[in-house]
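Single-structure report; data block below.
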Amino acid sequence: MASSCRRPEHTAPPDVFYNEDEAKKYSQNSRMIEIQTQMSERAVELLSLPEGQACFLLDVGCGSGLSGDYLTEEGHYWVGVDISTAMLDVALDREVEGDLLLGDMGQGMPFRPGTFDGCISISALQWLCNADKRLHSPPKRLYTFFSTLYSSLARGSRAVFQLYPENSEQLELITSQAMRAGFSGGMVVDYPNSSKAKKFFLCLFAGGTGVLPKGLGSETSDRTVANQVQYSGQRCRFSNMKGKSAKKGRDWIMEKKERRRRQGKGVRPDTKYTGRQRRPHF
């Protein structure tokens, strides 16, 4: 966790760093899509949601909606919050299923108590550890975020944050403010002995106590072996994916239309032309 001058949060505030050019990468870069989806899958696994039950989830730092796409695929409903208008514009262009909200997580979550069954966040939490303005205090902003998040979660639910901590002091700052806000839990580290695959997940419990999940990467764990196989299998799923083009088939369109009908949204009738491939324009 050594400090690096190349860290994005050292370059500019998040609403400036994630401009239109940066946002496009999240819909065009297949490797970035693959990584984001894998981390989202792991975060949802750590949530330990009821099997076979649709839940209402919060996605903090939702960006272009890649993590939300995975939530939708799993049958959940979600609300995404992000500070970057450029990223949210990409999410709208991609026609994500969740509701989107422009907001600064450091100013708190504006939701009623007990609204959500869980929360995930991918690569966003470390941004709160930087003072982008003179009035910004990282401890206060972290506490404001965690205290309002705690209120918006149903008791007994979980919040899972995948993050890139800069150092051990930053980890201590984040976890101390989360515990001060009422959460219990701790850090789950996957593949701790790997420089490339190592991932940090802050797993928090809102009310009550829970058993902190074990991190992946132990050679003696049968569960780890199974997940490693699943991890390598997921790579094949995105090997030929470029942006959203891999999803534009008829089956994907029919599935999306059916989801929207269940949600009570207006959908055009199905015809023999639905999902057909059009001739290229010259």
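The values are calculated or read from the model by the stated rules, or taken from the named source; none is laboratory data. Everything numeric here is computed off the predicted structure, so don't read it as measured data. Cβ placement follows ideal geometry from the backbone for every residue including glycine, while neighbour counts extend to all protein chains displayed. These accessible areas exclude ligands, DNA and RNA; they are computed on the full protein's heavy atoms, side chains included. Shrake-Rupley method; radii C 1.70, N 1.55, O 1.52, S 1.80 Å.
Looking at 163, 102, 142, just one residue is within 25 Å of residue 38 (Cβ to Cβ) and either in contact with a helix residue (DSSP H, G or I) (Cβ under 8 Å, 6 or more places away or on another chain) or in contact (Cβ under 8 Å) with a residue 40 or more places away in the chain (or both), and that residue is 163. Scanning segment 166-186 for residues that are of a type outside the set (D, E, K, R) and either crowded, with 17+ Cβ neighbours inside 10 Å or closer than 13 Å to residue 39 by Cβ (or both) yields a total of 10.
On inspection, residue 52 passes the criterion of being surrounded by fewer than 23 Cβ atoms within 10 Å (Cβ to Cβ), of a type in the set (Gly, Ala, Ser) and assigned to a loop (DSSP other than H, G, I, E, B). For residue 201, the conditions (1) open to solvent by less than 40 Å² (accessible area, probe 1.4 Å); (2) free of Cβ contacts under 8 Å to residues at least 60 places away in the same chain all hold with the exception of (2).
Taking first residues from segment 181-193 that are free of Cβ contacts under 8 Å to residues at least 60 places away in the same chain and partners that are part of a strand (DSSP E or B), the Cβ contacts under 6 Å between residues at least 6 apart in sequence or on separate chains come to 183/204; 184/205; 185/203; 185/204; 185/205; 187/202; 189/200. Listed by position, the helices (runs of 4 or more DSSP H) inside segment 55-153 whose residues that are open to solvent by 50 Å² or more (accessible area, probe 1.4 Å) number at least 2 are 85-93, 138-152.
Scanning segment 211-225 for residues that are modelled with pLDDT of 80 or more and either of a type outside the set (Lys, Arg) or surrounded by fewer than 11 Cβ atoms within 10 Å (Cβ to Cβ) (or both) gives 211, 212, 213, 215, 216, 217.
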